[in-house]
Amino acid sequence: MRILNYCYTGFTFFFSTISTSLSLKGLILLGIMLGSATTVLMFSFVPVCIAASDTLQIAVVGPISGKDQEGGQAMLDGVNLYVEEVNKSGGINGRTLEVIAYDDQNNKVTARNRALEIAKDSKALVVIGHLYSSISLEGGKVYKEYGIPAITASATAPEVTEGNDWYFRVVPDTHLQGKFSAIYIKNILGQEAVNIVYEEDAYGTTLQRSFEQTARDSGLRIKNTWRIHSEIDDVGLKVDAITRALQLDSNPGALFVALQDHAAARLVRSMRDAGIDLAIMGGDAIGSESFQRQFVNLPSETISPGHYTDGIYAATFFISDISNRKARQFSKAFKRRFGKEPDDMAATHYDAAAMAVEAIRTAKIEIDVAQSRKNIRKRLSRFRYIETAYKGITGRIFFDVHGNVVKPFPIGVYAHGRLISAPTQLGPIVNMDSIVDLRKELEEGNIIPMDDRFVYRTMVIYTGIDINEISNVDPRNATFTADFYLWFRHQRHFDYSKIEFLNAVEDLRLRDEPIMEMTAQNMAYRAYRIKGDFKEEFIFRDYPFDSQTLSIRFRHEKFNSERLVFVTDDIGMQRYGNRTPAERLEEYLGLSADSPWHLQDILVFSDIGAADSTLGNPSMFHAKADTAISYSRFNVVTKIERNAKSYVLKNLVPLFIVILLGYIMLFISPEGPPFVARMSLGVIALLTAVFLRMEAAGQLPNIGYLVALDYMYFAVYVLILSGIVITVAKHWALRRGKDIRAKRLDYFGRMFQPIYILIGIGIFVYIY
């Protein structure tokens, strides 16, 4: 075992040391000149190191079959995607991760049996699961008894983690959901009375209690409370009774739903079919993809998407429109891998897998599985500070003393059959000292009291972009020109003139009149057409096979992220037939077929930027990372790729001619006067190659690093120099009468150079 560790450490040190000075492409190109030696070295080590590639197991347990199998499959898909990405990048210390799936059928007895199987009979280092809180409680007892760390990304009942230091949660619990929901119904939706219906299980009862307590404290009157036990009750009869009671009430108020997805969908369908129109809000079960799928095949929903769900508010863990860049990339990767959009279950379990892998990566993995599990639990328990939080696709993840994640969660609302960010969000205030005038903020409604704390009222700006043209891409001056439409939808007052484009060459403001303006459904709408020059940092390490990103970034110059957040208007941006924004942009002349660039992709996302400076604010002098001044930023990132085919024809064909001349010289006899001709041909070829490299370098700005083209020319220099060296050596051998050696030198050169060239071309084709 010690030998294997030495083997891995040696390889890691060798390659990490080299890679700090050269890019991966540079290493590969230099490897052309060192190929034979490297091959011998690698094959010498393979028998010793192959044994170090044993797998590290992660158990995923959930309803792989049964009525909740869609949720279980989403769990498994999210974990598998992350593990596949880790394995493609080399695994953990050279060891492959393996996901082992266990089916608990969302049944308590089965869950306990699967947990025992994992704990006693498997080599799993960590468990990810279960789906429901009641099921997780059963499994958690086993994990605590046998000492195996577990992470849930869906079970929200506080009891799952409280009193169990082996269980961790990467999503907010139902306590927080209930509190936020009560405040939202009262202060944002403006309701004075509310009805409650809840599931009689660990999830529903906890959510109901938390909601009811905060509702009473905030002055929200509770009219009726109904409970449903899905495993015992006739859900249909219960739902019909609730529907009739709401029909008979002339002023029912709002409805808070703390049911699991199936029961919640039956209730919503019954109410909508009965024509009941009232404000509805629910927990994360209503914000799930499985809840939405209950309606997709219904006739009314087919005719009018969103017939049943539009206007329903829900707590959720993941909404694509408010996602950061990492989350957007996850969504695209997920769709490529599984052929569908990811839901919140897939996203949260992707993050759960990331936390598990991070703990495994940093923990000491020993032969004794039990000890390895202890080490991993210790690593997970150390994620307790925001400074060391894992930045996942659902936000920053770090745990409190009970193993619960500490982070806000978005409030969603259904529109056109999809869950998008609600027009108003709530966020806890971490640093009260940063509030200059609390009374004024309370009076204006910007800050809302919640129990013994306060929360921000954050305005959401739905933002969309439609790019007409990207032109004048100028790598030497690091600029480009963009012509695009930009639009905003929002509820409260918004000053458009305060938007500042962070990377505009000149000051660019929305001071002109909009091209369209209206107010509909309590939402203000404005659209602008903008054309301007933008700065970008070009990276040329892969030149001339390089890809570049062209960004358009803006923020509000006054309001921070607690007051205002930009979200992508996914609905508005995707109502263009079946074409994506990237497909639309590719049609424009700025990136046409005869352009030096090809369009690869467009990524639209929002993120949060933080100011490093305190700006002289005394309350910020001792602030931690999570209390720094932050702001919402809207980003449009277009990825373009250089037209390598055109570049090769224009710039590299002369180089191939030079290489050919260098090879022809090997067929000229080096005896007598031909020696001078052969040497002259080699020198001319070498000088021509140097000149071509200088000309190619002149197309680039002044950069302080080598690019792929440099490595290519270095390889050509070696090729031509080898011909010159062979010529001199053969001439010297002939003068000393060693004719056989002279012939062998020529044979070697004539064989070496084509093989050298073919290997080089093969590597370039493989990489680029």
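The values are calculated or read from the model by the stated rules, or taken from the named source; none is laboratory data. On a predicted model such as this, the values are computed, not experimentally measured, just so you know. With ideal geometry, Cβ positions are generated from the backbone for all residues, glycine too; neighbour counts draw on all protein chains shown.
Just give me the residues in the stretch 270-284 being touching a strand residue (DSSP E or B) at 6+ places or on another chain (Cβ under 8 Å) and assigned to a loop (DSSP other than H, G, I, E, B), in sequence order. Once the filter is applied, which keeps residues that are touching a strand residue (DSSP E or B) at 6+ places or on another chain (Cβ under 8 Å) and assigned to a loop (DSSP other than H, G, I, E, B), the stretch 270-284 yields 278, 279, 283, 284.
Restricting the stretch 209-241 to residues that are touching a Lys or Arg at 6+ places or on another chain (Cβ under 8 Å) and small (Gly, Ala, Ser) leaves a set whose member that is farthest from residue 187 (Cα to Cα) is 236.
The residue that is surrounded by the fewest Cβ atoms within 10 Å (Cβ to Cβ), among those in the stretch 114-159 that are of a type in the set (Asp, Glu) and within 13 Å of residue 102 (Cβ to Cβ), is 121. Residue 644 fulfils the conditions (1) more than 21 Å from residue 754 (Cα to Cα); (2) modelled with pLDDT of 75 or more; (3) touching a Phe, Trp or Tyr at 6+ places or on another chain (Cβ under 9 Å); (4) of a type outside the set (Lys, Arg) except for a single criterion, (2).
Within the stretch 230-250, being more than 20 Å from residue 273 (Cα to Cα) and either loosely packed, with under 14 Cβ neighbours inside 10 Å or among the acidic types (Asp, Glu) (or both) holds for 231, 232, 233.
Collect the residues in the stretch 84-126 that are assigned to a strand (DSSP E or B) and either within 29 Å of residue 141 (Cβ to Cβ) or aliphatic (A, V, I, L, M) (or both), keeping them in residue-number order.
Within the stretch 84-126, 92, 97, 98, 99, 100, 101, 102, 103, 126 qualify.
Whenever a residue of the stretch 249-269 is in contact (Cβ under 8 Å) with a residue 60 or more places away in the chain and assigned to a loop (DSSP other than H, G, I, E, B), its partners that are buried (at least 22 other Cβ atoms within 10 Å of the Cβ) and among the acidic types (Asp, Glu), lying with C-beta atoms within less than 7 angstrom and at least six residues away or across chains, give the pairs 259/199; 260/199. Checking the structure you have, find out if any residue of the stretch 671-678 is touching a helix residue (DSSP H, G or I) at 6+ places or on another chain (Cβ under 8 Å), part of a helix (DSSP H, G or I) and touching a residue at least 12 places away in the same chain (Cβ under 8 Å). The answer is yes; a qualifying residue exists.
Considering the conditions (1) crowded, with 24+ Cβ neighbours inside 10 Å; (2) closer than 16 Å to residue 58 by Cα; (3) not polar (S, T, N, Q), residue 363 is excluded by exactly one of them, (1). In the stretch 98-106 there is at least one residue matching the filter, namely being aromatic (Phe, Trp, Tyr) and closer than 22 Å to residue 344 by Cα.
Within the stretch 89-115, how many residues turn out to be small (Gly, Ala, Ser) and at pLDDT 95 or above?
From the stretch 89-115, those small (Gly, Ala, Ser) are 89-91, 94, 101, 111, 115; that's our starting set.
Now restrict to residues that are at pLDDT 95 or above: 101, 111, 115.
Of the residues in that region, 3 qualify.
The set of residues from the stretch 299-334 being of a type in the set (S, T, N, Q) and assigned to a loop (DSSP other than H, G, I, E, B) comprises 304, 309, 316, 323, 324.
Return the residue satisfying two criteria in turn: it lies in the stretch 202-225 and is under 34 Å from the mean Cα position of the chain (by Cα) and not aromatic (Phe, Trp, Tyr), and of such residues it is nearest to residue 108 (Cα to Cα). Among them, the one singled out is 202. Checked against (1) in contact with a Gly (Cβ under 6 Å, 6 or more places away or on another chain); (2) under 26 Å from residue 85 (Cβ atoms), residue 320 passes all but a single condition, namely (1).
Sort through 86, 79, 61 and tell me the only one that's modelled with pLDDT of 95 or more, crowded, with 17+ Cβ neighbours inside 10 Å and more than 22 Å from residue 132 (Cα to Cα). Working first, answer last.
Working: 79 fails: more than 22 Å from residue 132 (Cα to Cα); 61 fails: more than 22 Å from residue 132 (Cα to Cα).
Every option except 86 fails the conditions.
Among the listed residues 740, 720, 757, 724, which satisfies the condition of being free of Cβ contacts under 8 Å to residues at least 60 places away in the same chain and within 23 Å of residue 680 (Cβ to Cβ)?
None of the other options fit; the residue is 724.
Here the stretch 734-751 is the region considered, the condition is being surrounded by fewer than 14 Cβ atoms within 10 Å (Cβ to Cβ) and of a type in the set (Lys, Arg), and the residue that is farthest from residue 666 (Cα to Cα) is 736. For the stretch 160-203, the candidate set comprises residues that are out of contact with any helix residue (DSSP H, G or I) (no Cβ under 9 Å at 6 or more places or on another chain) and not charged (D, E, K, R); within that set, the residue that is surrounded by the most Cβ atoms within 10 Å (Cβ to Cβ) is 184.
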